[in-house]
Amino acid sequence: MDLSFSLLFVFSLALAFTASFASSYDGTDDLLIRQVVNDGEVSDSLNAHHHFSLFKRRFGKSYASQEEHDYRFKVFKANLLRAKRHQLLDPSATHGVTQFSDLTPSEFRKKFLGIRSRLRLPADANKAPILPTDNLPTDFDWREHGAVTPVKNQGSCGSCWSFSTTGALEGANFLSTGKLVSLSEQQLVDCDHECDPEEPGSCDSGCNGGLMNSAFEYILKAGGAMREEDYPYTGNDRGTCKFDKTKIAASVANFSVVSLNEDQIAANLVKNGPLAVAINAVFMQTYIGGVSCPYICSKQLDHGVLLVGYGSAGYAPVRLKEKPYWVIKNSWGENWGESGYYKICRGRNICGVDSLVSTVAAVQTASE
Ligand SMILES: *[C@@H]1O[C@H](CO)[C@@H](O)[C@H](O)[C@H]1NC(C)=O
């Protein structure tokens, strides 16, 4: 990925140079350079076609018409430039072509994210008690302790919030029962219409977004969550609610929000299990791997994910130093990121990752 991008960049420079050299004879070089830089048509036609073919093959993409194909190619080219920009802004991670490279940023937000935006902690929520932080391990990962199910895939449905919710409850249930049971997102997508008490009209709404705290509230009221296998994921919200109370596999005892303090987040993670967190996902559209630590990232939260661990030192080749990071489980399948996971640096609430963190406790259920 790195190599192809530097090749692409060298090509662009060479062509830009050629273009400006040639055109300086007739005095139009400004215009040509602007064309090269602004629409990328001249600069990367060779390479972009090649990259687009590889992309289509790798992700099995096909388009209904020639018009659609041509439009997607334009979007793809714009995303190559965006990945390049992300790479400059975020040198400790690798950015490039992903399965989302033929989507505009707004299509990506609409289809693959799905958290209703909220920029502050809910005022009336239970606050998690302050925990001691003096004996925290320097590295910790719930995957090594059996509390995390395999990476799931939300498909093109803005249901990230339901995956974040089940992930946290799966971990809490593991801590209280010793058993790891994969829980149903589709139950939340179909049945949970819980509203945010602080934002009138803002309710959990299937593929159109939701909020993890509201979903915990729904599970608390409904009595529990069913197993994944008893209520499988369909990736759409056109079905009716098929919740069966007799098949509850995990129940919520209580849930609370964790204060905006990285040591408290780490302490809650270690003590209570994986945490439901919200994040700004703009850099995730082009993320390939490494520790993401962008110089600038909005704190506008648009994606729900699961915090499962942290590390003290992720090597960042460009900055030549080790960076502490969080380990985030995402819901875009195992082919995205680092086998479905994202590493984001710790220390300064990057992309809002510390802003809305929830912890949940599970009760032991009768059916277990
Ligand atoms: C939440 O529930 C768990 C399990 O029943 C219990 O141990 C814990 O004290 C509760 N926490 C709060 C803040 O009520």
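For Gly60, the requirement of being in contact with a strand residue (DSSP E or B) (Cβ under 6 Å, 6 or more places away or on another chain), outside the structural domain of Cys297 (by TED's automatic domain parsing) and either surrounded by fewer than 19 Cβ atoms within 10 Å (Cβ to Cβ) or within 14 Å of Gly289 (Cβ to Cβ) (or both) is not met. The set of residues from segment 77-100 being in a helix (DSSP H, G or I) and buried (at least 20 other Cβ atoms within 10 Å of the Cβ) comprises Lys77, Asn79, Leu80, Ala83, His86, Gln87.
Name the one entry in Cys157, Cys195, Cys203 that is in contact with a strand residue (DSSP E or B) (Cβ under 7 Å, 6 or more places away or on another chain), in contact (Cβ under 8 Å) with a residue 12 or more places away in the chain and either closer than 21 Å to Asn335 by Cα or assigned by TED's automatic domain parsing to the domain that holds Gly333 (or both). Can you show your working first?
Values: Cys157 fails: in contact with a strand residue (DSSP E or B) (Cβ under 7 Å, 6 or more places away or on another chain); Cys203 fails: in contact (Cβ under 8 Å) with a residue 12 or more places away in the chain.
Cys195 is the lone residue from the list that is in contact with a strand residue (DSSP E or B) (Cβ under 7 Å, 6 or more places away or on another chain), in contact (Cβ under 8 Å) with a residue 12 or more places away in the chain and either closer than 21 Å to Asn335 by Cα or assigned by TED's automatic domain parsing to the domain that holds Gly333 (or both).
I'm trying to understand the selection: among the residues of segment 161-189, which are in contact (Cβ under 8 Å) with a residue 12 or more places away in the chain and among the small types (Gly, Ala, Ser)? Break it down into steps so the answer makes sense when it comes.
Keep residues of segment 161-189 that are in contact (Cβ under 8 Å) with a residue 12 or more places away in the chain, which gives 161-177, 179-189.
Scanning segment 161-189 gives Ser162, Ser164, Gly167, Ala168, Gly171, Ala172, Ser176, Ser182, Ser184.
Could you tell me whether Tyr218 is buried (at least 24 other Cβ atoms within 10 Å of the Cβ), of a type in the set (Phe, Trp, Tyr) and closer than 22 Å to Gly171 by Cα? When the stated conditions are applied, Tyr218 does not pass them.
Within segment 349-362, residues that are more than 16 Å from the ligand (Cβ to nearest atom) have Cβ atoms under 6 Å from residues that are part of a strand (DSSP E or B) and small (Gly, Ala, Ser) in these pairs: Leu356/Ala278, counting only partners at least 6 apart in sequence or on another chain. If we keep just the residues of segment 153-202 that are within 16 Å of the ligand (Cβ to nearest atom) and among the polar types (S, T, N, Q), which is nearest to Ala215 (Cα to Cα)? Here the residue is Asn173.
The values are calculated or read from the model by the stated rules, or taken from the named source; none is laboratory data. Keep in mind that what you see is a predicted model, and the values were worked out from it rather than measured. Quick reminder, even Gly has a Cβ in these numbers, built from the backbone with ideal geometry, and neighbours come from all protein chains shown.
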